[in-house]
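Following: one structure in structure tokens, then a few remarks.
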Amino acid sequence: MILYRSFIQLCLIVIFTSRSVSALAIEKRIPVPAGYVAPPYYPAPRGGWTSDWSESYRKASMLVSNLTLAEKTNITAGTGIFMGRCVGNTGSALRAGIPQLCLQDGPLGIRNSDHNTAFPAGITVGATWDKDLMYARGVALGEEFRGKGINIYLGPSVGPLGRKPRGGRNWEGFGSDPVLQAFGGALTIEGVQSQGVIATIKHLIANEQEMYRMYNLFQPGISSNLDDRTLHELYLWPFSEGVRSGVGSVMIAYNAVNGSACSQNSYLINGILKDELGFQGFVMSDWLAQISGVASALAGLDLSMPGDVHTIPLLGNSYWMYEQTRSVLNGSLPLDRLNDQVTRILATWLQMGQDQDYPPPNFDTNTQDAEGPLYPGALFSPTGVVNHFVNVQGNHAEVAREIARDAITLLKNVNGALPLSQNAAIKVFGTDAEKNPDGINSCDDQGCNKGTLGMGWGSGSSRYPYLDSPIDALKKRGVNYQFFNTDNFPSNSNPSPNDTALVFITADSGENYITVEGNPGDRTSANLNAWHNGDKLVKDVAAQYGNVIVIVHTVGPILMEEWVDLPSVKAVLFAHLPGQEAGDSLAQVLFGDVSPSGHLPYTIPKSESDYPESLSLVGFQVGQPQDTFSEGLYIDYRHFNKENITPRYAFGYGLSYTTFTFSNASVTAITPLTSVPPTRPAKGETPSYSTAIPPASEAYWPSNFDRIWRYLYSWLEKSDADAAASAANSSNKYPYPEGYSDVQKPGPPAGGAQGGNPALFDVAYDISITVTNTGRAAGKAVAQLYVQFPSGNPLDTPIIQLRDFAKTGALAVGQSQELRLRVTRKDLSVWDVVSQNWIIPNLEGDYGIWIGESSDALSLRCGTQSGTCEEGVPSPV
Ligand code: NOJ
């Protein structure tokens, strides 16, 4: 806060009028490499055309038809950064019963609050491969956000997808595969929204690194250049599933796609999101990602967050609010577009039932104190009680602990080194085993790596209510341990042959506005190595002890080659980012109360050079940094398989204390397939309103209004409003973008409902298998289903692609469970860039449906042609 205050003072010295600021936005796009295009797509499709939303739209339209112009523009933007209790606060229309809406981070728990749960991060949830837990965490998150009076949950994050192993925010999402991300994202949305909280899927799209993500005064944000097929088959996939689950809002990414800033990329928002995916909710900008006024509205943006201009916020300047009012009065922005923006926002609010007994915010993200300024961004603000310290944790620690535990991924276990016996003599090394001695919340937004690493840093973090550390858990169990709270091998540990050494190491990353130990979000200086000389610590311990167990808290893959094959390193566990429940969840696995059942949500390479060069971080470039996705579909295991590179540990890998067999597999054809899906349903009716420009008086400031300096308002001075209204009649017209049209389109063939043409989700094949616990301990198994396209497929397609997965309950020794999996039409299709549709390129071909416990351990194959399944088949990769 103090930092921001001085920033305000600094900003005040720079006098920028809103006029010169908006002039910056009319710059031409910077050219991108040949072949990458962001074509125009206009107009913004109106919302409300799917039957599952029509009632909310009907009600919303009744509200909207009674709003004044300034009330409408007050709803479509935030009131300014730090101008309210939440990270984002919309304006209200109290006369019509519409409150300010509170938008709050983040994906793993409420950011900067109190008495909330710090759940395991998305990457940890992905590692459970457990759909029930994905949903249960969503429900618990929803309960907490609602309990604090938050209308809009700023999660889940499914973009970044995890294309770049060093990318700073991959840990907020569920793993480097579109289908794993899709299930993680969609089930989180369904859970959160079951509580009446609006979920926000983010960041659309291809925001794969932190550095250079934002447009600023000096440089445009990075351009992610990707082709249409890659967009559809990888990066868009989880967004489609989120939309299909009825997500209420979508956050637009900072970066550009193919040269056009996502926040005003009409092809992306109007074309792909609203028309092809049939998105019915509203589209918000990431914070200060909006870079223009009318242009971004025409391109489909509905809500500006936090409301300020992106160049120098906090001066009371906005591209919308009062400017949007002006742009409607002077005829630049068609009223039809503004009406659709407001209708989308209010329909979403109604769709979640937030018009009925929804609590107002009872916390303040800007302070931990009970009292504070109501508008911390203002120089002079009234103060009041802002934090009521409402405890929203319920029994959520249980689901958090279950996730943390069932995500733990056993990568190596020689001679049954694990589980440990309760009376083992244990020596513990590494500062990660115990809480940060400065305090568990001593670093803002967890912007440090000190003590147990339960989450990465940035807006995706939350404050810990407590942190159950591994040492806490050992204490609680009364085991015989000695702890050396250092990352350097101590000279006084007195190794004895009966000792078991536990070595804790970490790798951290986060969001770009904080640099930790030289890493500005992305892992630039840490590379993919363990932090704090973790490799050396493991090697030093392994030189002195014969029974070493390595435990890794990490945001993503790390290089393990220096130590993983050392004979004393007997076992390796990835505990990912467990949130507050780091201790007991780990102890339950270490001591064999449960078998580990996590599986890797990404590949672990042997060397960074195993990845394609294009997956490296893009460094400084003069002008707009260009990040060209030349690897196309080949990220993570898709690349390793194609290039026949053996990773250290494959995507999906994870051992157990027991063994499982998969048997009795059967495949049943359900929906007969056609090369092209059945024709999409037509769009339904959308609300219609008068399109006449409202009178200027609807924009006048109310008399005797007590203004807060630099707060963003939607009113204009009378003279301004009158001038704007008379400009509507002048011959000087707004320069509409190339390809602009105001005629609503029927929508592309691939659309037709939320998520796309509903026929895409027809189940093509049902697969059933019996999983049997054939080992000597109870445990849960994960069945992963990968599709291999028929050999005659004319399009270059990854050898195998994950399409579904299922996890058993805890199976006792000898016990069996039947699992059901499914493959949809879309799962068997490719995106045809010519017909702009999902097609099955080789209808008669024999698809391989492979099921196994890891992407590199597939020996059960069901064939679509034969309709039978075979065990013991050589693996496709
Ligand atoms: C920027 C981040 O990219 C986004 O994920 C977050 O929700 C907003 N800031 C608000 O804090």
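FYI, it's all coordinate maths here, none of it is from the lab. Not measured: the values here are computed from a predicted model. Reconstructed Cβ throughout: ideal geometry from the backbone, glycine too, with neighbour counts over all protein chains shown.
The figures follow:
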read-out: Assigned charges on the beta-carbon of Lys, Arg, Asp, Glu; the stretch 722-877 dipole about Cα centre (debye); value: 400
read-out: Point-to-point label distance, Y734-E613, nm (Cα→Cβ direction, 7 Å offset); value: 4.5
read-out: Ratio of Rg to Rh over the stretch 441-520 (Cα coordinates, Kirkwood Rh, two decimals); value: 1.05
read-out: For the stretch 400-653, with +1 on Lys and Arg beta carbons and -1 on Asp and Glu, the positive-most of N527, N413, G510 along the dipole; value: N413
read-out: Burial order of peptide ranges 328-336, 667-675, 549-557 (average beta-carbon count within 10 Å, highest first); value: 549-557, 328-336, 667-675
read-out: Net charge contributed by nearby residues that have their C-beta within less than 15 Å of M352 (K/R +1, D/E -1); value: -3
read-out: Ranked packing of 576-584, 219-227, most packed first, by mean Cβ within 10 Å; value: 576-584, 219-227
read-out: Within-9-Å neighbourhood charge of N527 [Cβ basis; K, R +1; D, E -1]; value: +1
read-out: For E698, E613, order by how many other beta-carbon atoms lie within 10 Å, fewest first; value: E613, E698
read-out: Local electrostatic count at W457 - Lys and Arg +1, Asp and Glu -1, tallied over other residues with Cβ under 14 Å; value: -4
read-out: Cα→Cβ-extended label distance, 7 Å offset, between A682 and N391, nm; value: 5.8
read-out: Modelled FRET efficiency - R0 41 Å, E398 with L843, Cβ distances, 0.05 increments; value: 0.30
read-out: Ascending count of other beta-carbon atoms within 10 Å, so fewest first, for F380, F789, F119; value: F380, F789, F119
read-out: Alpha-carbon centroids, the stretch 87-127 and the stretch 829-850: separation in whole Å; value: 40
read-out: Orientation-averaged projected area, Cα convex hull of the stretch 232-306 (nm²); value: 4.6
read-out: Peptide ranges 166-178, 822-834 listed from the most packed, as the mean C-beta count within 10 angstrom indicates; value: 166-178, 822-834
read-out: Residue among G451, Q626, Y545 farthest towards the positive dipole end of the stretch 400-653, charges placed on Cβ; value: Y545
read-out: Helix axis angle, 2-13 relative to the chain longest principal axis, alpha carbon, degrees; value: 30
read-out: Reference-scaled alpha-carbon Rg (2.2 N^0.38 Å with N residues) for the stretch 400-653; value: 1.02
read-out: Acute angle (nearest 10 degrees) that the helix 178-193 long axis makes with the longest principal axis of the chain, alpha-carbon atoms; value: 60
read-out: FRET efficiency, 1/(1 + (r/R0)^6) with R0 22 Å, evaluated for D742 and Q836 via beta carbons; value: 0.45
read-out: Helical mean residue ellipticity (222 nm; -39500 (n - 2.57) per DSSP H run of 4+; nearest 500) of the chain; value: -5500 deg cm²/dmol
read-out: Degrees between helix 718-727 axis and first principal axis of the chain (Cα, 0 to 90, nearest 10); value: 90
read-out: Cβ-derived FRET efficiency at R0 56 Å, R58 paired with S525, nearest 0.05; value: 0.50
read-out: 10 Å-binned pair-distance histogram of the chain (Cα, whole percent); value: 2, 13, 23, 25, 19, 11, 5, 1, 0, 0
read-out: Residue exposure sequence - T691, T452 - by fewest surrounding Cβ within 10 Å; value: T691, T452
read-out: Spacing of the two label points (7 Å from each Cα toward its C-beta) at D132 and E517, in nm; value: 3.8
